[in-house]
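First comes the structure, then the notes that go with it.
Read-outs: derived from the displayed coordinates by stated rules, not from any lab. Note that the structure is a prediction, hence the values are computed from the model and not measured. Glycine also receives a Cβ, built like all others from the backbone with ideal geometry; neighbour counts cover every protein chain displayed.
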Amino acid sequence: MGVWESILGKDGRRFVKRKDSDAGEHGRALEELRSSMYSDFHTSEGAKRQQQRLCGPFVAMTFNFIVAVGIIMANKVVMGKVGFNFPVALSLIHYVTSWFLMAIFKALSLLPAAPPSKATPFSSLFVLGVVMALATGLANVSLQHNSVGFYQMAKIAVTPTIVLAEFMLFSKKVSLQKVITLGIVSVGVAVATVTDLEFNFFGACVALAWIVPSAVNKILWSNMQQTGNWTALALMWKTSPITIFFFMVLMPLLDPPGVLSFGWNWNNVAAIIISALFGFLLQWSGALALGATSATSHVVLGQFKTCVIMLGGYIFFKSDPGMVSLFGAVVALCGMSFYTYLNLRDSKESSAGAIKQLLPKQNSFSLKPKTIIDEEDNTDAINPV
């Protein structure tokens with residue numbers, strides 16, 4: 001060490017110490033960055049904060065809207081051109097594909113961490129997996145056995161069911177303005193889409209049985225993400241095995257026979273796989289939208305999609321649904337716009353209320369330094385009573 005000191009001299013030793021100090025600061029910064037990244041990816045709290053930061057309500061609902069339009073096209077190819085008329089089996093393939101993709105994410109340490117098992121009882125996850133299977137399977141069977149008009153009427157009935165169920169389960173109240181607005185939206189969608197109400201007895205029973213699981217499914221997805229540290233992918237990973245099991249139970253009961261004898265050639269399999277990939281994106285985007293907004297907003301988004309597709313077909317592809325249907329779609333869109341405005345107003349009011357609650361605490365902290373400064377500047381000042 002004495003040789004090095006004689007070679008480097010005083011300035012050299014100071015330079016080495018400065019470099020060591022810089023290296024220590026860089027090391028601490030890298031350690032803090034690594035710790036932050038680990039918290040974001042490997043803890044449920046950090047993963048939820050990351051999801052909220054990257055995927056707000058607008059991004060989530062836009063993502064869900066785009067994917068929903070894509071899966072409509074993909075499923076039309078699968079059930080129309082390919083002729084794969086096994087709706088429950090197709091849903092089973094979708095969820096198996098989703099589970100396989102999430103297994104790959106988990107193997108690559110890309111799957112967000114889930115909260116501790118004691119934070120959420122298994123019964124809640126089990127119920128969510130069951131109602132998810134029932135909602136998806138019964139919706140496909142209802143669409144297969146009912147006319148489009150009756151299916152749309154059943155979808156409209158989901159909105160008041162969600163409002164009633166949230167009031168009964170969580171004592172969540174909806175303002176009169178929102179109730180009236182949702183009523184206008186439902187009437188507009190009914191006028192726009194309900195062209196016929198032909199149905200058979202079995203299809204009507206399936207449609208009525210689908211309404212409650214569909215509403216409960218959306219409520220649970222939204223509530224578990226907003227009240228707990230669940231992210232969309234983590235909740236999908238936990239509930240998908242339960243949903244897959246119940247799809248396997250429902251498939252022989254609700255699907256027509258012959259799925260094994262279907263023509264499984266490369267073209268048909270490729271179309272089904274593309275539909276399954278869209279199914280994963282739809283499930284993920286729907287979970288993100290439910291976590292970022294609410295169950296009612298997600299239903300309104302689905303009705304918005306229906307009206308936009310109808311108006312887009314009329315404007316760009318010269319389709320003619322009729323003036324009555326077009327008027328209903330415009331009324332529904334106006335109601336949806338006002339409903340969005342009410343949500344934004346309530347969100348601003350809640351944020352303002354939270355800020356007001358924090359202001360007294362901030363003032364109490366700011367008064368003490370000011371008093372100290374005044375005493376230092378003028379020690380003869382008399383404190384006010």
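Miscellaneous remarks
- Classification of segment 208-359 by its C-alpha gyration tensor yields an oblate form. The axis ratio a/c (a ≥ b ≥ c) is 1.5 or more, and b/c is at least a/b.
- Under the combined filter of DSSP loop state and at most 16 neighbouring Cβ atoms within 10 Å, segment 252-285 retains these chymotrypsin sites (Phe, Trp or Tyr not before Pro): Phe262, Trp264.
- Rounded if a/c under 1.5, otherwise prolate or oblate - segment 98-255, Cα gyration tensor axes: oblate
- Extension gain from Phe338 to Val187, taking 0.36 nm per residue of separation minus the Cα-Cα distance: 52.9 nm
- Segment 64-155: trypsin sites (Lys or Arg not before Pro) in DSSP loop, at most 14 other beta carbons within 10 Å: Lys118
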